[in-house]
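What follows draws every value from the coordinates through simple rules; no lab data is involved. Predicted model only: the values in this text are computed from it and were never measured. Every residue, glycine among them, receives a Cβ derived from its backbone with ideal geometry; neighbour counts consider all protein chains shown.
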Amino acid sequence: MSESKSTTPTGLVAFAWALVGLPLAYGLVQTVRTASSLFTG
Amino acid sequence: MAVPSFLARERIIAKPGFNRWLIPPAALAVHLCIGQAYATSVYKAALVSHFDSTLTAIGVIFSIAIVMLGLSAAVFGTWVDRNGPRAAMFTAACFWSAGFLVGSLGIATEQLWLVYLGYGVIGGIGLGIGYISPVSTLIKWFPDRPGLATGMAIMGFGGGALIASPLSRQLMNWYDPAYDGTAGTTPSGSSVAGLFLTLGLVYLVFMMFGAFIVRVPADDWKPAGFDPSTVKQKALVTTESVSAANAIKTPQFWLLWTVLFCNVTAGIGILEQASGMIQDFFREGGTSAVAAATAGGFVGLLSLFNMGGRFVWSSTSDFIGRKGIYMVYLGVGLVLYVLLATIGSSAVWLFVVLAAIIISFYGGGFATIPAYLRDLFGTYQVGAIHGRLLTAWAAAGIAGPLIVNGVLDSQGTVGELVAADYRPALFIMVGLLAIGFVANLLVKPVAAKWHEPHATTPATARANPERSTAR
């Protein structure tokens with residue numbers, strides 16, 4: 001059996017990625033801010 | 001040990017047409033939460049003050065958690081493979097969350113032993129089960145790109161610290177307005193108790209989301225356009241199956257154990273000391289040219305490379321092979337360590353670049369090992385084998401800091417160290433990387449006598465996972 005037409009709602013996939021992606025983006029932004037002091041401090 | 005029916009593997013077999021791109025966020029939902037384990041430094045000083053204790057006594061909380069991670073991954077690996085990712089993620093969520101709640105109670109009642117028991121023991125079990133819970137499922141959903149798949153999940157473990165550090169500072173600031181997150185201010189014990197309570201509840205919800213969207217592929221499923229026969233054409237990649245009980249009897253398992261141990265020990269050598277190390281490397285006449293705030297930026301940059309390396313290098317291994325990428329981690333890593341020890345103190349930018357690449361290899365080593373195991377032992381019990389291999393992490397977590405702290409203690413006093421004082425420790429790491437490099441070179445395909453008979457189907461294997469242990 002191989003992959004056929006998707007039966008998973010696209011909205012669920014997008015929601016799941018947003019749920020993990022948004023906190024990760026928050027963490028990345030905060031860490032880049034901290035790391036930037038390496039070049040400015 | 002049976003699990004309730006709503007957690008059973010049979011209940012989560014994906015229907016035809018299921019979108020496999022729902023699995024990485026399920027895995028990330030778990031790994032982003034348990035990655036908090038790397039953010040404990042945020043409240044370390046607060047706990048020392050609250051318990052009127054020492055850094056060592058508080059550091060034991062983290063050490064217990066990492067040791068429990070290794071032990072529980074090894075002990076429960078077979079259970080995780082047999083019962084599937086939902087049962088594993090659900091269990092991990094309960095333990096990880098309960099660990100925070102018991103820890104919170106311990107802080108609120110000033111009982112340090114309760115924090116050891118809660119975050120250390122109970123939470124540590126959640127760490128171990130959670131860490132391995134999505135790995136074999138991802139490998140089965142992405143047989144065409146196993147390095148990419150495991151890289152995504154294990155990148156989440158690195159990313160978890162990036163989220164937990166600023167989030168914890170923010171929450172402690174809300175619970176204790178006198179604490180503003182700047183150097184010199186320490187949050188109150190009650191604000192840390194509140195933080196633990198909040199994190200325990202938030203992580204429970206988040207991890208349960210992962211547990212309830214995860215699915216396993218049907219036994220005969222394969223991605224569109226994927227031809228399994230092409231897998232066998234690659235060197236060191238098997239289509240056979242080796243049980244976890246048999247895997248640990250093979251030299252390949254112990255060679256990879258050595259590879260992981262050496263790679264992790266060497267990386268911890270820098271990670272453990274990052275902030276102090278960059279200041280010491282550029283100290284002249286008792287004063288460092290690198291300010292404390294800049295050193296904090298260096299730690300942040302290493303976190304980014306630790307996380308990025310997990311995804312980038314593990315994905316790259318799908319193209320250049322697992323043995324090849326570990327030759328890079330260990331061989332190039334060895335050269336970079338020599339450069340760090342010899343010319344690393346000549347310029348700040350050079351020190352930062354060398355350390356960042358070394359740490360990206362450290363992260364890459366973690367993320368690529370499940371795919372290496374899958375190549376050598378097949379997908380049959382790869383989760384359980386991975387769990388047993390993680391004992392190398394626990395051992396490295398003890399050996400790495402012991403080596404570096406032991407050498408530095410013999411060289412001088414904290415705050416007065418210079419670059420030359422680090423050289424003995426760095427050259428010990430070079431030796432370890434050389435050992436790891438040789439171990440990786442010695443890896444060959446697993447002998448046919450360890451392969452499972454072909455009549456073993458995934459279904460019968462799950463029903464009796466250790467049936468071939470007598471061999």
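Quick notes on this one:
- Cut-off under 5 Å, modelled amide H: who pairs with B:R283 long-range: B:A289, B:A419
- About the Cα centre, charge dipole magnitude for the protein assembly as shown (Lys/Arg +1, Asp/Glu -1 at Cβ), debye: 1560
- Convex hull volume per residue for the protein assembly as shown, taking Cα atoms only, in Å³: 142
- Options B:Y38, B:A149, B:A164, ranked by Cα towards positive dipole end of the stretch B:20-218, top entry (Cβ charges): B:A149
- Top positive-direction residue, dipole computed over the protein assembly as shown with Cβ charges, set B:V338, B:G106, B:W96: B:W96
- In the stretch B:295-345, one over the average inverse separation of all distinct C-alpha pairs is 12.4 Å, which is the Kirkwood hydrodynamic radius.
- Nonlocal amide H pairs with B:A218, under 5 Å, H built at 1.01 Å: B:A14
- Here the translational diffusion coefficient of the stretch B:20-218 follows from Stokes-Einstein with Rh set to the Kirkwood radius across Cα pairs; for 10 °C and 1.306 mPa s it amounts to 94 µm²/s.
- Straight-line cross-link reach from B:K140 at under 16 Å between alpha-carbon atoms covers these aspartates and glutamates, not counting any fewer than eight positions away in the same chain: A:E3, B:E10, B:D81, B:D219, B:D220, B:D227, B:E240, B:D318, B:D375.
- If R0 equals 60 Å, the separation of the Cβ atoms of B:W21 and B:A178 corresponds to a calculated FRET efficiency of about 0.85.
- Cα-based Lys pair tally, the stretch B:227-471, threshold under 16 Å, eight or more apart or on separate chains: 7
- Per-residue Cβ neighbour rank within 10 angstrom, fewest leading, B:T185, B:T287, B:T379: B:T287, B:T185, B:T379
- Gyration tensor (Cα) of chain B, equivalent ellipsoid semi-axes in angstrom: 37, 28, 18
- Placing +1 on each Lys and Arg Cβ and -1 on each Asp and Glu Cβ, with no other charges, gives the stretch B:20-218 a dipole about its Cα centre of roughly 700 debye.
- Using alpha-carbon coordinates, inclination of helix B:391-411 to the longest axis of chain B, degrees: 20
- Computed from backbone phi with θ = phi - 60° and the Karplus coefficients 6.51, -1.76 and 1.60, the 3J(HN,Hα) list for the stretch A:13-28 is 5, 5, 4, 4, 5, 5, 4, 8, x, 5, x, 5, 5, 4, x, 5 Hz; x is used for glycine and proline.
- Euclidean distance of C-alpha centroids, the stretch B:1-35 and the stretch B:302-345, integer Å: 31
- Placing unit charges on the Cβ atoms of the charged side chains and taking the dipole of the stretch B:227-471 about its Cα centre, the candidate lying farthest along the positive direction among B:A447, B:S317, B:A399 is B:A447.
- A viscosity of 1.002 mPa s and a temperature of 20 °C, combined with the Kirkwood radius over C-alpha pairs in the Stokes-Einstein formula, give the stretch B:227-471 a diffusion coefficient of 112 µm²/s.
- The mean number of Cβ atoms from other chains found within 10 Å of a Cβ in peptide A:5-12 is 4, as a whole number.
- Per-peptide average of other Cβ atoms within 10 Å, ordering B:30-40, B:315-325, B:107-117, B:387-397 highest first: B:30-40, B:387-397, B:315-325, B:107-117
- Cα centroid separation, the stretch B:367-425 to the stretch B:127-178 (Å): 19
- Sequence of B:R11, A:R33 once ranked by neighbouring C-beta atoms within 10 Å, starting from the fewest: A:R33, B:R11
- Sequence-ordered 3J(HN,Hα) estimates for the stretch B:115-130 from the Karplus curve with 6.51, -1.76 and 1.60 and θ = phi - 60° stand at 6, 4, 5, x, 5, x, 7, 5, x, x, 5, x, 4, x, 5, x Hz, glycine and proline given as x.
- Value of relative contact order over chain B, rounded to a whole percent, pairs C-alpha under 8 Å and six or more apart: 24
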